[in-house]
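Report on the following structure.
Values quoted throughout were computed directly from the atomic coordinates according to the rules given, and no laboratory measurement underlies them. Note that the structure is a prediction, hence the values are computed from the model and not measured. All Cβ positions, even for glycine, are placed from backbone atoms using ideal geometry, and neighbour counts span all protein chains on display.
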Amino acid sequence: RVVVSRSFADFTPQATFDIKKCDLHQLEEGPPLKAELTRDQGLQYYRTMQTVRRMELKADQLYKQKIIRGFCHLYDGQEACAAGIEASINPTDHLITAYRAHGYTYTRGVSIKEILAELTGRKGGVAKGKGGSMHMYAPHFYGGNGIVGAQVPLGAGIALACQYQGNNQLCVTLYGDGAANQGQLFESFNMAALWKLPCIFICENNKYGMGTSVERASASIDYYKRGDFIPGIRVDGMDVLCVREATKFAADHCRSGKGPIVMELQTYRYHGHSMSDPGVSYRTREEIQEVRTKSDPISMLKERMLSNNMASVEEFKEIDVDIRKQVEEPPLEDLCNHIFYNNPPLEVRGTNPWSKLKSVS
Amino acid sequence: MAASLRCFLRSGKVTVTVRDALNQAMDEELERDERVFLLGEEVAQYDGAYKVSRGLWKKYGDKRIIDTPISEMGFAGIAVGAAMAGLRPICEFMTFNFSMQAIDQVINSAAKTCYMSAGLQAVPIVFRGPNGASAGVAAQHSQCFAAWYAHCPGLKVVSPWNSEDAKGLLKSSIRDDNPVVFLENELLYGVPFEMSEEAQSKDFTIPIGKAKVERAGSHITLVSHSRYVGHCLDAAAVLAKEGIECEVINLRTIRPMDVESIEASVMKTNHLVTVEGGWPQFGVGAEICARIMEGSAFNYLDSPVTRVTGVDIPMPYAKILEDHSLPQIKDIIFSVKKTLNV
């Protein structure tokens, strides 16, 4: 009797999930309440989010080793936003964000190598080492902007170029809860609505503008309503499927010529504002821990897929290992390899007579 | 009547106001490249606050000539974003005083981006509008921004004087793939200048970064930009009667500055006077002094460089006070004679 190991065909190829209803502003209907996810999509979103997570944690280490200098604003916790948005727009659409930009730099197509090389100031970096953390660019990705809020008029301008050129493209323009109080945003909202620019304004509300909570900074914390005459939706930013469906809805709105739309993604950052901010003087460790255990975007996706038999634990582990290979330092197991070319394995003496190491070609 | 007509036809020259020259430049560039468009307050249906864009909206329509709300920071940022995404905007500030509201977008979003992206992201944009003193508009509407913008790497800063300058330099600025700050002068808009046949061509451009010797002379060099080039020429005419021959240089571009032309002239005349409308501290004249000191022409100077500038005060309103706040021709003549020790 042949024992068949678990094969590809055993997994559920597609499943439908309930997603949280979005709060609506100036809209009769919103995004759907269910999202379909295929196995392939799920694994891809997982890989994307996990890559961003590992890359950010590596950047944390490199910064503490002083290999990354200056400003470093980490995105861990918010991965579902970048992954969900990229899943719903085309590569030919445009995207611009502020300085918490490493995640978007990756989702918009820059390799891990070029990102880490840029962060560490190497010539091989995506901006040849001239830009650093806040100034990385790619086709249809306009950074990476250091001045709070300045990217919002820029994004509206990119949308104007899309409209002008008649190419059916749109621009996703991201900003934070802190930038939401900048005057230039309201100037952009006004012109975008007046001229019906194909611009999705997205507020990544992670509850804190540096050390100031949203309640202490904003007279209204309903950021999805701040566009006033522009329709808005408030979205669970920790659920990649929710983000994807909401952004699809927003993209359809823009592409149909209805003009701009505002999205508020409710999300959370595990790190402080930047590497100079421990992030615990204005919020409790309990709060951070609670989000990690109950709402982590990567865990949530993984659990969804596992409980619906869409993938195996081993598959996720394989992805993790593969990502680590690209982000981590070389493993100690590789220490003695490559002494000889095309040679059978040999034993190598370590630092002391009892240390016997292995070398393969 | 017939004789003058014959003269006109023979020389091919026409007189064109600076306003019309700027209008022609924009019209020609809008026609030449469909990515070029103009935005700003009142540029479309009002024909331009100073009528510089007269007729353009009628000819090109809403898509290419865009009226904006009073939102300098917003529309300057929008213009920069459009330039990043493949268009070639002309962003008009009603005066450069209002550009201060938007200066972050000019410097941090436009000027620095090519460098920060190591050449990946160009920003082909022109910021234009009237700069410097007008007539009776008082302190908040009279500042000269040449020094402020010329301080920043990543920007080109252009300051035309006559109609040929205006047309040729604006066309070059629009065709340049970099952010250009184009400083016009409201008092010059209505002034007619002769325009050569060459300058009337649709392909006529003047290179950015090259000064022009408007008048040759051997005793002293006068360097100026914008409106004060005219003042220098008027002063030179008066001084010529006393046997002092001034060489008058029209900078045309503030950044990059054509220091070589100034040095070549100083090596000939041994004396230098700079003339500008802006304030003295950290100004265009101050930069010229520093550059001359650092270069080979220093050894040819027979006396220190003299700066003629606006008075170091906010601009007053009353006419008599305003007149005494800016360089007059007699101030230039006085400074020339002091520099020459005559």
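Just flag the trypsin sites (Lys or Arg not before Pro) in the range A:50-80 sitting in loop per DSSP whose Cβ has no more than 16 other Cβ atoms within 10 Å. Numbers along the way, then the final one.
Values: sites: A:Arg53, A:Arg54, A:Lys58, A:Lys64, A:Lys66, A:Arg69; in loops: A:Lys66, A:Arg69.
Answer in residue order: A:Lys66, A:Arg69.
Compute the semi-axes of the equivalent ellipsoid of the range A:147-274, taking the square root of 5 times each eigenvalue of the Cα gyration tensor, and list them largest first in whole Å. Write down the numbers at each step before the final one.
Numbers: eigenvalues 115, 52, 31 Å².
They are 24, 16, 12 Å, listed largest first.
How many nm is it between the label spots at B:Lys330 and B:Ser303, if each spot is 7 Å from the Cα in line with the beta carbon?
That separation, rounded to one decimal, is 1.9 nm.
Relative to the longest principal axis of the C-alpha atoms of chain A, give the angle of the C-alpha long axis of helix A:79-88, reported between 0 and 90° and rounded to the nearest 10°.
70
Could you size up the charge dipole of the protein assembly as shown around its Cα centre, putting +1 on the beta carbon of Lys and Arg and -1 on that of Asp and Glu, and report it in debye to the nearest 20?
Working: 77 positive and 83 negative charges, 207 e Å.
Dipole about the Cα centre, nearest 20: 1000 debye.
Students often check this: by mean Cβ neighbours within 10 Å, which of B:95-101, B:82-88, A:253-259 ranks highest, and how do the rest follow?
Details: B:95-101: 20.6, B:82-88: 23.7, A:253-259: 15.7.
Going by the mean number of other Cβ atoms within 10 Å, highest first, we get B:82-88, B:95-101, A:253-259.
Applying 1/(1 + (r/R0)^6) with R0 = 25 Å to the Cβ-Cβ distance of A:Arg69 and A:Arg283, what FRET efficiency is obtained, to the nearest 0.05?
0.40
How many Cβ atoms of partner chains, on average, are near each residue of A:178-185 if near means within 10 Å of its Cβ?
On the way: counts 0, 0, 0, 0, 1, 4, 12, 2.
Whole-number average of other-chain Cβ neighbours for A:178-185 is 2.
Arrange the following residues from fewest to most other Cβ atoms within 10 Å of their Cβ: A:Cys242, A:Cys81.
Working: A:Cys242 24, A:Cys81 30.
So the ranking, lowest neighbour count to highest, is A:Cys242, A:Cys81.
Distance in nm between label sites at B:Glu34 and A:Lys21, each 7 Å beyond Cα in the beta-carbon direction?
4.7
Taking every alpha carbon pair in the range A:14-330, what does the distance histogram look like in 20 angstrom bins from 0, in percent?
Bin by bin from 0 Å, the calculated values are 34, 60, 6.
Kindly provide the pair-distance distribution of the range A:203-307 built from C-alpha pairs, with 5 Å bins from 0 and whole-percent values in order of increasing distance.
Histogramming the range A:203-307 at 5 Å steps yields 2, 11, 17, 19, 18, 15, 11, 5, 1, 0 percent.
Express the C-alpha Rg of the range B:212-340 as a ratio against the empirical globular expectation 2.2 N^0.38 Å, rounded to two decimals.
Values: Rg = 13.9 Å, N = 129, 2.2 N^0.38 = 13.9 Å.
In units of the globular-protein estimate, the range B:212-340 measures up at 0.99.
For a distance above 17 Å, tell me the whole-number percent of Cα pairs in the range A:90-184 that qualify.
Numbers: 2224 of 4465 pairs.
Within the range A:90-184, distances greater than 17 Å cover 50 percent of Cα pairs.
How long is the gain from A:Val348 to A:Ser256 if the chain were fully straight, where each residue apart is worth 0.36 nm and the alpha carbon distance is subtracted? Can you show the working numbers first?
Numbers: separation 92, 0.36 × 92 = 33.12 nm, distance 6.69 nm.
Length gained, A:Val348 through A:Ser256: 26.4 nm.
Using the count of nearby Cβ atoms within 10 Å as a rough guide to exposure, how do B:Tyr317, A:Tyr282, A:Tyr224 rank from fewest to most?
Values: B:Tyr317 11, A:Tyr282 16, A:Tyr224 27.
Lowest count first: B:Tyr317, A:Tyr282, A:Tyr224.
What order, most packed first, do the peptides B:281-293, A:13-25 have when packing is the mean number of other Cβ atoms within 10 Å of each residue? Could you put the intermediate results ahead of the total?
Numbers: B:281-293: 17.9, A:13-25: 15.7.
Highest mean packing first, the order is B:281-293, A:13-25.
For the protein assembly as shown, what number results from the quotient of the Cα radius of gyration and 2.2 N^0.38 Å? Each step should come with its number before you reach the end.
Working: Rg = 31.2 Å, N = 703, 2.2 N^0.38 = 26.6 Å.
Computed over Cα atoms of the protein assembly as shown, the ratio equals 1.18.
Arrange B:Ser265, B:Ser226, A:Ser307 by Cβ neighbour counts within 10 Å, fewest through most, would you? Mind showing how you got there, number by number?
Values: B:Ser265 26, B:Ser226 29, A:Ser307 9.
Lowest count first: A:Ser307, B:Ser265, B:Ser226.
Could you list the chymotrypsin sites (Phe, Trp or Tyr not before Pro) in the range A:91-148 that lie in coil according to DSSP, counting only those with at most 12 other Cβ atoms within 10 Å of their Cβ? Working shown, then result.
Working: sites: A:Tyr99, A:Tyr104, A:Tyr106, A:Tyr137, A:Phe141, A:Tyr142; in loops: A:Tyr99, A:Tyr137, A:Tyr142.
In loop regions of the range A:91-148 (DSSP not H, G, I, E or B), there are no sparsely surrounded chymotrypsin sites (Phe, Trp or Tyr not before Pro).
For B:Val308, what residues show an amide H to amide H distance below 5 Å, using hydrogens built from the backbone and excluding near sequence neighbours?
For B:Val308, the qualifying residues are B:Thr274, B:Val275, B:Glu276.
Report, in degrees rounded to the nearest 10, the 0 to 90 angle that the Cα long axis of helix A:297-307 makes with the longest principal axis of chain A.
That helix lies at roughly 70 degrees to the long axis.
Just tell me how shielded A:134-144 is by partners: mean number of partner chain Cβ atoms within 10 Å of each residue's Cβ, no decimals.
On the way: counts 1, 7, 3, 8, 3, 2, 1, 2, 8, 7, 4.
Other-chain Cβ atoms within 10 Å of each residue's Cβ, averaged: 4.
Grab the eigenvalues of the alpha-carbon gyration tensor for chain B, scale each by 5, take roots, and send me the semi-axes largest first in whole angstrom.
Values: eigenvalues 212, 115, 78 Å².
After scaling each eigenvalue by five and taking roots: 33, 24, 20 Å.
Using a Förster radius of 45 Å, what is the FRET efficiency between B:Ala318 and B:Ser201 based on their Cβ-Cβ separation? Nearest 0.05, please. Write out the running numbers ahead of the final one.
Details: r = 45 Å, r/R0 = 1.01.
For B:Ala318 and B:Ser201, the calculated efficiency is 0.50.
Sort out for me the Cα centre separation of the range B:259-275 from the range A:84-143, rounded to whole Å.
Taking the Cα centre of each part, the range B:259-275 and the range A:84-143 sit 48 Å apart.
Would you tell me the mean number of C-beta atoms belonging to other protein chains that fall within 10 Å of each C-beta in B:20-28, as a whole number? Before the final figure, lay out the partial values.
Details: counts 0, 0, 0, 0, 0, 0, 0, 0, 0.
Mean partner shielding for this stretch: 0.
Give the shape of the range B:121-216 as rounded, prolate or oblate, defined through the alpha-carbon gyration tensor: a ≥ b ≥ c are the square roots of its eigenvalues, a/c under 1.5 means rounded, and otherwise the shape is prolate if a/b is larger than b/c and oblate if not.
Numbers: a/c = 1.84, a/b = 1.08, b/c = 1.70.
Oblate shape, in that a/c is at least 1.5 and b/c is the bigger or equal ratio.
So, in Å, what gap is there between the alpha-carbon centers of the range A:299-337 and the range A:156-218?
36
Among the listed pairs A:Lys21/A:Lys248; A:Lys130/B:Lys171; B:Lys13/B:Lys268, which have their C-alpha atoms separated by more than 22 angstrom in this model?
A:Lys130/B:Lys171; B:Lys13/B:Lys268
Helix A:285-295 versus the longest principal axis of chain A: what angle, 0 to 90°, nearest 10, using Cα atoms?
The two axes meet at around 90 degrees.
Please express the shape of the range B:15-200 as an equivalent ellipsoid: the semi-axes are the square roots of 5 times the eigenvalues of the C-alpha gyration tensor, given largest first in whole angstrom.
Working: eigenvalues 105, 72, 55 Å².
Result for the range B:15-200: semi-axes of 23, 19, 17 Å.
Can you compute the helix-only [θ] at 222 nm over the protein assembly as shown? Use -39500 (n - 2.57) per DSSP H run of at least 4 residues, normalise by all residues, nearest 500 deg cm²/dmol.
Working: 23 runs with 258 residues, N = 703.
Result for the protein assembly as shown: -11000 deg cm²/dmol, rounded to the nearest 500.
Quickly rank A:112-122, A:146-156 as a protection proxy: mean count of other C-beta atoms within 10 Å, highest first.
Values: A:112-122: 19.7, A:146-156: 25.9.
In descending order of packing, they fall as A:146-156, A:112-122.
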